[in-house]
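Have a look at the structure below before the remarks.
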Amino acid sequence: MFLYLMRHGEAVKAGGEIRSDAERALTEYGRMQVRTIAQELKRRRISAGVVSSPYLRAVQTAEILVNEIGTMTLTKDPDLASTGHAPDLAALLKRHSGVQNLILVGHQPDIGMLVEQIIGFELGFGTAVLAGFESGAEQKWRYLWSLIPEDLFHK
């Protein structure tokens, strides 16, 4: 199994008409970041089910991935909402076990904490950063690579 953890793209700041953190939408720059990651995933022929936080910016990120790549499904999972702690990875994987490979779209610091569950330390997660992992024997995970949209803009 391949598992990809992704933080949502850049989002508008809270305040004004935005009454809650859950209502924050992607900015145009955030949409560009996510499209860049989606294009790289497509170039690498990566297909996976997408499971997203129900917060607007994460759902928009997931929708861009699904629309750009075209071969993925999208499910919302409340355990990926921004809570300031990592969800139980084993429970998430069990709930979404019908999918061979998964992209989990969430928020910081939660996504970074999920990485810590997998490999024992956190990776830096700017907006729209995606990290890939592969499970081996006895559910041991191996870190593969990270995609940073700004590193891909020039390609």
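Figures for the structure shown
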{"read-out": "Residues satisfying the stated conditions in segment 39-87, i.e. in a loop (DSSP other than H, G, I, E, B), touching an Asp or Glu at 6+ places or on another chain (Cβ under 8 Å) and not hydrophobic (A, V, I, L, M, F, W, C)", "value": "Ser53, Pro54, Tyr55, Ser82, Thr83, Gly84, His85, Pro87"}
{"read-out": "Failed criterion for Leu93 (all others in (1) assigned to a strand (DSSP E or B); (2) farther than 20 Å from Ile37 by Cα; (3) aliphatic (A, V, I, L, M) hold)", "value": "(1)"}
{"read-out": "Residue in segment 54-72 that is among the hydroxyl-bearing types (Ser, Thr, Tyr), closer than 15 Å to Tyr4 by Cα and at pLDDT below 95 present", "value": "no"}
{"read-out": "Residue match in segment 134-143 (condition: closer than 12 Å to Leu5 by Cα, surrounded by 21 or more Cβ atoms within 10 Å (Cβ to Cβ) and among the aromatic types (Phe, Trp, Tyr))", "value": "no"}
{"read-out": "Per-region count, segment 98-121, residues surrounded by 15 or more Cβ atoms within 10 Å (Cβ to Cβ) and part of a loop (DSSP other than H, G, I, E, B)", "value": "5"}
{"read-out": "Whichever residue in segment 122-143 is without any contact (Cβ under 8 Å) to a residue 60 or more places away in the chain and in a strand (DSSP E or B) and, among such residues, is farthest from Arg44 (Cα to Cα)", "value": "Arg142"}
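The values are calculated or read from the model by the stated rules, or taken from the named source; none is laboratory data. From a predicted model like this one, the values you see are computed outputs, not experimental measurements. We place every Cβ from the backbone using ideal geometry, glycine too, and count neighbours over all the protein chains shown.
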